[in-house]
């Protein structure tokens with residue numbers, strides 16, 4: 001079941017855990033839907049590995065997860081580009097890797113990722129899309145090992161490492177059937193209703 005952050009001070013773009021739990025029960029993450037119905041093929045997911053200057057993206061459609069691209073953008077430009085990619089790939093949820101130290105504690109980078117996730121969640125909710133956070137500890141090392149096993153060149157590994165790290169985030173997410181994720185929930189009630197209603201079928205929200 002999705003959960004809210006364990007921070008003592010609740011950020012303004014999140015609401016109480018009771019409300020978040022209620023919403024998650026009504027709009028379960030795609031990984032949980034797949035667990036409940038193995039034949040289910042809907043609900044495409046975009047995995048994100050957010051860095052200081054580079055963001056790796058991976059895409060899950062059905063049972064197939066693949067590296068998508070690496071963006072060298074920050075701030076609003078990054079957020080708008082993520083929304084454009086999600087629209088073109090028919091994605092309805094973002095799975096963002098949350099950095100943690102070896103002891104499991106959050107870091108300064110964790111706070112930066114949470115800030116980006118909070119802003120993206122507001123924009124995503126306008127379209128009926130969900131944003132989740134998932135512990136990404138070890139995914140970069142796993143991604144490098146995967147790329148070495150694939151016999152990819154050093155230049156390719158440097159160029160695409162972040163995208164493969166995003167693949168690891170998605171693989172962990174589906175392996176855990178969505179357990180341990182954090183739903184990033186906008187505070188505005190009208191945005192919460194849009195999450196419940198899901199993506200629009202006819203309207204173009206990218207105008």
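Tell me which residues, restricted to segment 67-79, are surrounded by 14 or more Cβ atoms within 10 Å (Cβ to Cβ) and not in a strand (DSSP E or B).
Those that are surrounded by 14 or more Cβ atoms within 10 Å (Cβ to Cβ) and not in a strand (DSSP E or B): 73, 74, 78, 79.
Within the group 120, 83, 98, which residue is within 14 Å of the chain's Cα centre (by Cα), closer than 14 Å to residue 199 by Cα and buried (at least 19 other Cβ atoms within 10 Å of the Cβ)?
Answer to the selection: 83.
Return the residue satisfying two criteria in turn: it lies in segment 37-47 and is closer than 21 Å to residue 183 by Cα and out of contact with any helix residue (DSSP H, G or I) (no Cβ under 6 Å at 6 or more places or on another chain), and of such residues it is surrounded by the fewest Cβ atoms within 10 Å (Cβ to Cβ).
42
Looking at segment 141-152, can you tell me whether even one residue there is free of Cβ contacts under 8 Å to residues at least 60 places away in the same chain, part of a helix (DSSP H, G or I), within 24 Å of residue 42 (Cβ to Cβ) and in contact with a helix residue (DSSP H, G or I) (Cβ under 9 Å, 6 or more places away or on another chain)?
no
Exactly one of (1) part of a helix (DSSP H, G or I); (2) touching a residue at least 40 places away in the same chain (Cβ under 8 Å); (3) more than 16 Å from residue 46 (Cβ to Cβ) is unmet by residue 177. Its number?
Only one criterion is unmet by residue 177, namely (1).
Could you list all residues from segment 154-164 that are more than 12 Å from residue 59 (Cα to Cα) and in contact with a helix residue (DSSP H, G or I) (Cβ under 9 Å, 6 or more places away or on another chain)?
Matches in segment 154-164: 156, 157, 160, 161, 162.
For a quick check of your reading of the model, give me the residue pairs whose first member lies in segment 22-36 and is at negative phi and exposed (fewer than 15 other Cβ atoms within 10 Å of the Cβ), whose second is at pLDDT below 90 and outside any helix (DSSP H, G or I), with beta-carbon atoms closer than 8 Å and at least 6 apart or on different chains.
Pairs that qualify, where the first residue is at negative phi and exposed (fewer than 15 other Cβ atoms within 10 Å of the Cβ) and the partner is at pLDDT below 90 and outside any helix (DSSP H, G or I), are 25/1; 36/28.
In segment 80-106, what residues are out of contact with any helix residue (DSSP H, G or I) (no Cβ under 8 Å at 6 or more places or on another chain), in a helix (DSSP H, G or I) and under 19 Å from residue 42 (Cβ atoms)?
Within segment 80-106, 85, 87, 88 meet the criteria.
Mind telling me which of the residues 90, 182 ends up being touching a residue at least 40 places away in the same chain (Cβ under 8 Å), in contact with a strand residue (DSSP E or B) (Cβ under 9 Å, 6 or more places away or on another chain) and surrounded by fewer than 20 Cβ atoms within 10 Å (Cβ to Cβ)?
Answer to the selection: 90.
Report yes if some residue within segment 133-140 is assigned to a loop (DSSP other than H, G, I, E, B) and free of Cβ contacts under 8 Å to residues at least 40 places away in the same chain; otherwise report no.
Scanning segment 133-140, I find at least one residue that is assigned to a loop (DSSP other than H, G, I, E, B) and free of Cβ contacts under 8 Å to residues at least 40 places away in the same chain, so the answer is yes.
The values are calculated or read from the model by the stated rules, or taken from the named source; none is laboratory data. Worth saying up front: this structure is predicted, and the values here are computed from it rather than measured. So basically every Cβ, Gly included, is an ideal-geometry build from the backbone, and we count neighbours across all protein chains shown.
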